[in-house]
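The values are calculated or read from the model by the stated rules, or taken from the named source; none is laboratory data. Just so it is clear, the structure is predicted and the values come from calculations on it, not from any experiment. Please note: Cβ atoms are built from the backbone with ideal geometry, for glycine as well, and neighbour counts cover all protein chains shown. All accessible areas refer to the heavy atoms of the entire protein, side chains included, with ligands and DNA or RNA removed. Shrake-Rupley method; radii C 1.70, N 1.55, O 1.52, S 1.80 Å.
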Amino acid sequence: STASAPLSRLMFSSDKSPPRRPAQRPSWKRNAHSPTNGPAGAVPSELRLLLAELEQSHLLDFVDEGTAPVAEAQALVAQLSRLNLRNALDIYRATTQGRQSTSTFQRFTSMFSSAQEKLEPLDAVAHLTDATTEETEMWERAGLEAIRAGKVAAVVLGGGQGTRLGFSGPKGMYDIGMPSGKTLFQLMAERILRLKYLCKKRFEDEDLPRLPFLVMTSPLNHSTTEQFFQENEFFGLPEEDVRFFAQGTLPCFTNDGKIILESKASIATAPNGNGGFYPALQDSGLVVVRSAAPAKATASSV
């Protein structure tokens, strides 16, 4: 009966012309699993092998099924190529297994020590509250001498956003409620300037010493931070002494060690934390550490 006829027959029962054939999907969509077709063809074979080795092949699922356009597939390949996937996975495993990241530690030691040296914990730590007057004076003089010799840089880890403070910008730009209205970035810059004047006075020099101020930002607020300093004329510091560099990012992982996709062809990433300071500084090219005269720094986290 008509009531039991399939819907496709009912649709054409009053039309004498033959039914149209359904549109064919493009061949690259029908065979998206083939690495030579469509978006899947944008993925180099060596990248596929690496992802398979690291058990992260799921990152290409949308590309291989053809639901991610070619341009997005190419962007994903570029993003994967920029990431050190082995290092990221090593850091994840080290974190979840309660051990030290081998790749990160090796990079740190190669940056700050020679092959003959070995990093060891400090033998003793002195506390300012327990120090004598003679000790604090000795430390102060040693610090000022280091500044005078150009061996010191001030560093602020300023990549944090003020979200928890109800502020959409970097925390260093937040008005903390002082009568002066000064921000954290301004207070830090003025402390650096004060140190320079103390050093000049202590040694009766004619000129102020150089004391570079290195500001680590995040990819999210890098340009905002730079603009803030420029608008405030670097708070009295020489422009050439205030340098900015962005901390790195790491892929986000699930609890079972799978990298998370933010979209069909984009990996979810997040800033790599204060520990990313050393590789970010090295990648920025701002500081070259020489074993004969190792650089020193004072650091602050925002």
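Considering each residue of the stretch 192-222, count those that are touching a residue at least 12 places away in the same chain (Cβ under 8 Å) and within 28 Å of Ala142 (Cβ to Cβ), and give that number.
Of the residues in the stretch 192-222, 18 are touching a residue at least 12 places away in the same chain (Cβ under 8 Å) and within 28 Å of Ala142 (Cβ to Cβ).
Restricted to the stretch 106-123, and to residues that are loosely packed, with under 10 Cβ neighbours inside 10 Å and polar (S, T, N, Q), which residue is modelled with the lowest pLDDT?
Across the stretch 106-123, the extreme among qualifying residues is Gln116.
Got a sec? Which of Ala23, Ala88, Ala42 is at pLDDT 90 or above and either on the phi > 0 side of the Ramachandran plot or small (Gly, Ala, Ser) (or both)?
Ala88
Residues Phe234, Phe229: which one is crowded, with 19+ Cβ neighbours inside 10 Å, in a helix (DSSP H, G or I) and touching a residue at least 40 places away in the same chain (Cβ under 8 Å)?
Answer to the selection: Phe229.
So which residues in the stretch 207-219 are touching a Gly at 6+ places or on another chain (Cβ under 8 Å) and open to solvent by 60 Å² or more (accessible area, probe 1.4 Å)?
Result: Arg210, single match.
Looking at Ala153, Ala126, Ala149, Ala142, which is the one that is on the phi < 0 side of the Ramachandran plot, surrounded by 13 or more Cβ atoms within 10 Å (Cβ to Cβ) and at pLDDT 65 or above?
Ala153
On the given criteria, is Gly276 at pLDDT below 90 and exposed (fewer than 14 other Cβ atoms within 10 Å of the Cβ)?
For Gly276, the condition - at pLDDT below 90 and exposed (fewer than 14 other Cβ atoms within 10 Å of the Cβ) - is not met.
Please name all residue pairs, on different chains or six or more residues apart, with Cβ atoms under 7 Å, provided the first residue is in the stretch 179-190 and is in contact (Cβ under 8 Å) with a residue 60 or more places away in the chain and surrounded by 14 or more Cβ atoms within 10 Å (Cβ to Cβ) and the second residue is of a type in the set (A, V, I, L, M, F, W, C) and in a strand (DSSP E or B).
Within 7 Å, the pairs are Met188/Val156.
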